[in-house]
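K.L.:
Below is a structure I'd like to ask you about.
Nothing in this text is a laboratory measurement; each read-out follows from the coordinates by a stated rule. If you're wondering where the values come from, they're calculated on a predicted model, not measured in any experiment. Glycine also receives a Cβ, built like all others from the backbone with ideal geometry; neighbour counts cover every protein chain displayed.
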Amino acid sequence: MRTLIKGGTIVTAVDQYKGDVLIEDEKIALIGTAIDVQADKTIDATGQYVLPGGIDVHTHLDMPFGGTTSADDFETGTTAAAFGGTTSIVDFAIQYRGQTLHHAMETWAKKAEGKAVIDYGFHMIITELNDQVEGEMDALVRQGITSFKLFMAYPGIFMLDDGSIFKALLRTGKNGGTICMHAENGGVIDVLVQRALAEGKTAPKYHALTRPARAEAEATHRAIAMSEIADVPIYIVHLSAAEALEMVTEARDRGLPAFAETCPQYLFLSYDNYEEPGFDGAKYVMSPPLREKAKQRELWRGLAFNDLQCISTDHCPFCMKEQKALGRNDFSKIPNGAPGIETRMSLVYDGGVREGRISLNRFVELTSTSPAKIFGLFPRKGTIAPGSDADIVVFDPNRTITLSAKTLHMRVDYNPYEGRQVTGAADTVVSRGRLVIENGKFVGRAGSGAFLKRAARS
Ligand code: URP
Ligand code: ZN
Ligand code: ZN
């Protein structure tokens, strides 16, 4: 099968030029100007950008959490991702206490098989560490699950003590894995939550008011300090607070391999959303919470100057009806998370590139190339080059869309950006040579996405 993408502007993390891309089966075969070959399918990309498919390294599909399960499964979630221009995800499998990592891996593999429409990998969430689990970490790295998420928050559910965190960090020094850290001081937050509830403060906004930026900064500092002592890299997930970014920046200025991602919600939404009337603030209950609008410029600075390396979504949707509603009388019972897998590329293009905050090359780097490099997928994914997987987005920089739960494809009954207009949208999306979205229409197939065996750090 030969597909020719003609006449577009090819953009990678470093290049921008007019050219054609020839795809043979699953791979990019040739890049050139005016390629003249017989193809089974020709895509006219005139006036459009030809980008490497987006890579979202932080999603939670079909995840039991907060007394319910995230609303998108691997079929609906990856379909929505494809609509938005994302061609690979890395989702989180969870080891519950008393279970093996192997069991978690099998459970999540079953959730994805036959459903995913784009390629997917897994990080492993470790909630209990012992000698046997440490041995399993090595085995998982060999099987292509090369990153592990640990929690410094959610005591009694996910939180690990510092000794266990340190042991896991040391282990990645031997097996080439990477620790991804949810950095918030869970002990402090728990006390603040109990105090707020005892004072009758039950509304959604108290979720944010009991998770101060300094609790994120403290945990970020501690996580980086432990990784420095263990002499291994660390990746901070869903960084939201400028105060936490300061910790990452300080570490990087000292030459430490500290990496971090932020998410669109922290760039485009703010604490003010929690003040929306009635129970609407629940739409934005996520951890860490949304922060002050005035601090967003610090995150953009971090993205522009590489103190933040990736933009992922932390897509973890719960419907307002029946799911978020579990916490109507107690903010601590609102399931944590929000939808975003479909809107990442358009939001960041519109608010980042069009607003002059980041360059077009940096946009590609933050949404595709850098996640691929950090998580062992490059150069198979994350760029447009001969031999790379044909994961390509034909992106219209001039198309304006209105974000709305009614027209987006995520299986959730609200959208945090409802009514917001963004310019720049994926028109046609190719995943490993197969058309998944063609001129805005879904033409993919459930089950055609494959498990991504990722490389360890060398
Ligand atoms: O609120 C969030 N972020 N929900 C998803 C779970 C996590 O901590 O990433
Ligand atoms: Zn987290
Ligand atoms: Zn998450």
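K.L.:
Could you go through the stretch 12-28 in sequence order and give the Karplus-derived ³J(HN,Hα) for each residue, using 6.51 cos²θ - 1.76 cosθ + 1.60 with θ = phi - 60°, rounded to whole Hz, and x for Gly and Pro?
P.N.:
Along the stretch 12-28, the couplings run 10, 5, 10, 10, 7, 7, 7, x, 10, 10, 9, 10, 10, 6, 9, 10, 6 Hz.
K.L.:
Between the alpha-carbon centers of the stretch 189-264 and the stretch 295-363, tell me the distance in whole angstrom.
P.N.:
Using only Cα atoms to place each centre, the spacing works out to 16 Å.
K.L.:
Check which residues have an amide H placed less than 5 Å from Tyr414's amide H, if you skip close sequence neighbours.
P.N.:
Those lying under 5 Å, H to H, from Tyr414 are Met320.
K.L.:
Using only the alpha-carbon atoms of the stretch 294-446 as identical scatterers, what base-10 log of I(q)/I(0) does the Debye formula give at q = 0.15 Å⁻¹?
P.N.:
Summing over Cα pairs of the stretch 294-446 leads to -0.95.
K.L.:
For Asp40, Asp91, what's the fewest-to-most ordering of other Cβ within 10 Å of each Cβ?
P.N.:
Neighbour counts put them in this order, fewest first: Asp40, Asp91.
K.L.:
Next up: Quick one: Kirkwood hydrodynamic radius for the stretch 80-228, alpha-carbon pairs, angstrom, one decimal?
P.N.:
Hydrodynamic radius (Kirkwood, Cα pairs) of the stretch 80-228 is 16.9 Å.
K.L.:
In terms of modelled amide H atoms, which long-range or inter-chain residues lie less than 5 Å from the amide H of His58?
P.N.:
Result for His58 returns Val90, Thr313, Asp314.
K.L.:
If you take the beta carbon distance between Asp25 and Asp161 as r and set R0 to 51 Å, what does 1/(1 + (r/R0)^6) give as a FRET efficiency, to the nearest 0.05?
P.N.:
After rounding, the FRET efficiency stands at 0.55.
K.L.:
Further, regarding this structure: Can you tell me the orientation of helix 101-112 relative to the chain, as the angle in degrees between its alpha-carbon axis and the longest Cα principal axis, to the nearest 10?
P.N.:
50
K.L.:
Can you compute 3J(HN,Hα) from phi for each residue in the stretch 43-52, using the Karplus curve 6.51 cos²θ - 1.76 cosθ + 1.60 with θ = phi - 60°, rounded to whole Hz and x for Gly and Pro?
P.N.:
Result, ordered by residue: 10, 7, 10, 4, x, 10, 8, 10, 10, x Hz.
K.L.:
Over the chain, what relative contact order in percent results from Cα pairs under 8 Å that are six or more residues apart?
P.N.:
22 percent.
K.L.:
Going by amide H atoms built from the backbone, whose H comes under 5 Å of the H on Ile437, apart from near neighbours?
P.N.:
Result for Ile437 returns Val429, Val443.
K.L.:
Moving to a separate point now. Take the residue pairs Lys283/Lys321; Lys283/Lys333; Lys111/Lys321 and return only those whose Cα atoms are more than 18 Å apart.
P.N.:
Correct reply: Lys111/Lys321.
K.L.:
By how many nm would the segment from Arg142 to Ala385 grow when fully extended, if each residue of separation counts as 0.36 nm and the alpha-carbon distance is taken off?
P.N.:
This chain segment gains 84.8 nm when fully extended.
K.L.:
If you fit an axis through the alpha-carbon atoms of helix 186-198 and take the longest principal axis of the Cα set of the chain, what angle between them do you get, 0 to 90°, nearest 10?
P.N.:
70
K.L.:
Give me the one-decimal nm value for the distance between modelled label points at Gln38 and Asp231, 7 Å along each residue's Cα-to-Cβ direction.
P.N.:
Distance between the two pseudo-spin positions: 6.1 nm.
K.L.:
Provide Asp162, Asp350, Asp427 in ascending order of the number of other Cβ atoms located within 10 Å of each residue's Cβ, fewest first. Don't jump to the answer; show the numbers that get you there.
P.N.:
Numbers: Asp162 12, Asp350 22, Asp427 19.
Listed from fewest to most nearby Cβ atoms, that is Asp162, Asp427, Asp350.
K.L.:
Another question, if that's okay. HN-Hα J couplings of the stretch 287-300 from phi, Karplus 6.51/-1.76/1.60, θ = phi - 60°, integer Hz, Gly and Pro as x?
P.N.:
Those phi angles translate into 10, x, x, 5, 10, 4, 4, 4, 8, 4, 4, 5, 5, 4 Hz.
K.L.:
First check a/c for the stretch 53-374, with a ≥ b ≥ c the square roots of the eigenvalues of its C-alpha gyration tensor; if it is under 1.5, answer rounded, and if not, answer prolate when a/b is larger than b/c or oblate otherwise.
P.N.:
Values: a/c = 1.17, a/b = 1.10, b/c = 1.06.
Because its axes are fairly even, with a/c under 1.5, the stretch 53-374 counts as rounded.
K.L.:
Also: Quick check: the angle from helix 74-83's long axis to the longest principal axis of the chain, C-alpha only, nearest 10 degrees?
P.N.:
Orientation of helix 74-83: about 60 degrees from the principal axis.
K.L.:
I would also like to ask the following. Take the Cα of Asp330, step 7 Å along the line toward its Cβ, and report every residue of the stretch 262-282 whose backbone nitrogen sits under 16 Å from that point.
P.N.:
none
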